[in-house]
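Just below is one structure, and these are the notes that go with it.
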Amino acid sequence: MSKEEELKKLEEEMRSDASLPLRESNLVFGEGSIDAAVMFIGEGPGYHEDQLRRPFVGRAGQLLDKLIVGIGWKREEVYITNIIKRRPPGNRDPSPEEIEAYKPYLARQIEIINPKIVAPLGRFAMNYFLPKAKITRDQGKIFKVGKWFVVPLFHPAAALRGTGTLNALTESFRRLPLIIEKHESLAEEVISDDDENVVSQQDTLF
Ligand code: URA
């Protein structure tokens with residue numbers, strides 16, 4: 001089966017899984033290149049995402065687009081999705097049970113895309129992969145979670161609220177192409193303990 005077919009099958013499975021919570025909202029599966037080097041993972045769809053059934057299409061999404069274009073990439077070249085694939089009512093935080101329910105699907109989605117870097121956006125998505133990490137301390141650093149290299153980034157919505165956060169996010173974006181370029185040698189940096197590129201082992205998630 002091709003990656004495209006596998007993703008389609010996964011989406012159909014999710015659509016027909018009656019045990020999944022939040023089924024009163026639309027399914028926002030994710031979009032982008034099936035061969036993306038970077039997979040951006042947000043918290044969950046908001047109002048606009050639910051309406052259009054596409055991830056990151058509101059104000060935060062516009063900033064994400066700008067940051068992607070700012071480093072010479074195109075939105076269609078990356079893959080964008082969320083931990084939770086349906087909008088919680090009133091944009092409340094997803095419950096641990098809701099996150100748990102969607103977890104096997106996200107794990108399979110990451111497996112299919114097989115990105116060089118997983119980039120959780122914001123504290124919430126970061127803590128899904130790195131329960132002990134702190135966003136202000138650890139954003140932009142490289143972690144190894146299971147077999148994935150994880151680079152947590154500030155959420156674009158937070159960057160819309162503060163210049164310092166925006167500057168830090170922009171700087172971390174600027175480093176992404178280099179991290180991808182050095183991807184093959186990152187494993188060595190786990191051992192080298194280089195201050196610039198802290199790579200910490202965390203508990204295996206998948
Ligand atoms: N915020 C998120 O975390 N995800 C989206 O898709 C949109 C906004």
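Quick one: residue 107 ticks every box in (1) of a type in the set (A, V, I, L, M); (2) buried (at least 19 other Cβ atoms within 10 Å of the Cβ); (3) under 15 Å from the mean Cα position of the chain (by Cα) except a single one, so which number is it?
The number of the failed condition is (2).
Among the helices (runs of 4 or more DSSP H) lying completely within the stretch 54-162, list those that include at least 3 residues that are of a type in the set (Asp, Glu). Before the answer, list the steps.
On the way: elements: 59-70, 96-113, 122-129, 135-138, 156-159.
Answer list for the stretch 54-162: 96-113.
Within the stretch 110-148, take every residue that is free of Cβ contacts under 8 Å to residues at least 40 places away in the same chain and among the basic types (Lys, Arg) and give me the one that is surrounded by the fewest Cβ atoms within 10 Å (Cβ to Cβ).
137
Yes or no, residue by residue, for (1) among the hydroxyl-bearing types (Ser, Thr, Tyr); (2) at pLDDT below 95; (3) in contact with a Pro (Cβ under 6 Å, 6 or more places away or on another chain):
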| residue | (1), (2), (3) |
| --- | --- |
| 122 | no, no, no |
| 126 | no, no, yes |
| 131 | no, yes, no |
| 146 | no, yes, no |
| 151 | no, no, no |
| 160 | no, no, no |
| 164 | no, no, no |
| 168 | no, no, no |
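Could you list all residues from the stretch 74-97 that are away from the ligand (no atom under 12 Å from the Cβ) and surrounded by fewer than 19 Cβ atoms within 10 Å (Cβ to Cβ)?
Within the stretch 74-97, 74, 75, 76, 77, 89, 90, 92, 95, 96, 97 meet the criteria.
Between residues in the stretch 41-66 that are of a type in the set (A, V, I, L, M, F, W, C) and residues that are in a loop (DSSP other than H, G, I, E, B) and surrounded by fewer than 15 Cβ atoms within 10 Å (Cβ to Cβ), which pairs lie under 7 Å by C-beta distance while being six or more apart or on different chains?
Partner pairs satisfying both residue conditions: 60/160; 63/160.
Would you point out the residue of the stretch 31-73, among those that are within 12 Å of the ligand (Cβ to nearest atom) and of a type in the set (A, V, I, L, M, F, W, C), that is nearest to residue 12 (Cα to Cα)?
Here the residue is 52.
Out of all the residues in the stretch 39-55, which are over 12 Å from the mean Cα position of the chain (by Cα) and on the phi < 0 side of the Ramachandran plot?
Answer for the stretch 39-55, where residues must be over 12 Å from the mean Cα position of the chain (by Cα) and on the phi < 0 side of the Ramachandran plot: 45, 46, 47, 48, 49, 50, 51, 52, 54.
Cβ-Cβ distance below 6 Å, separation of 6 or more or different chains: which pairs start in the stretch 151-162 with a residue that is under 15 Å from residue 129 (Cα atoms) and end on one that is assigned to a loop (DSSP other than H, G, I, E, B)?
Sorted first by the residue in the stretch 151-162, then by its partner, the pairs are 152/139; 153/139; 154/139.
The values are calculated or read from the model by the stated rules, or taken from the named source; none is laboratory data. Remember, predicted model here, so these are calculated numbers, not experimental data. For neighbour counting, all protein chains shown are included, and Cβ atoms are generated from backbone atoms with ideal geometry for every residue, glycine included.
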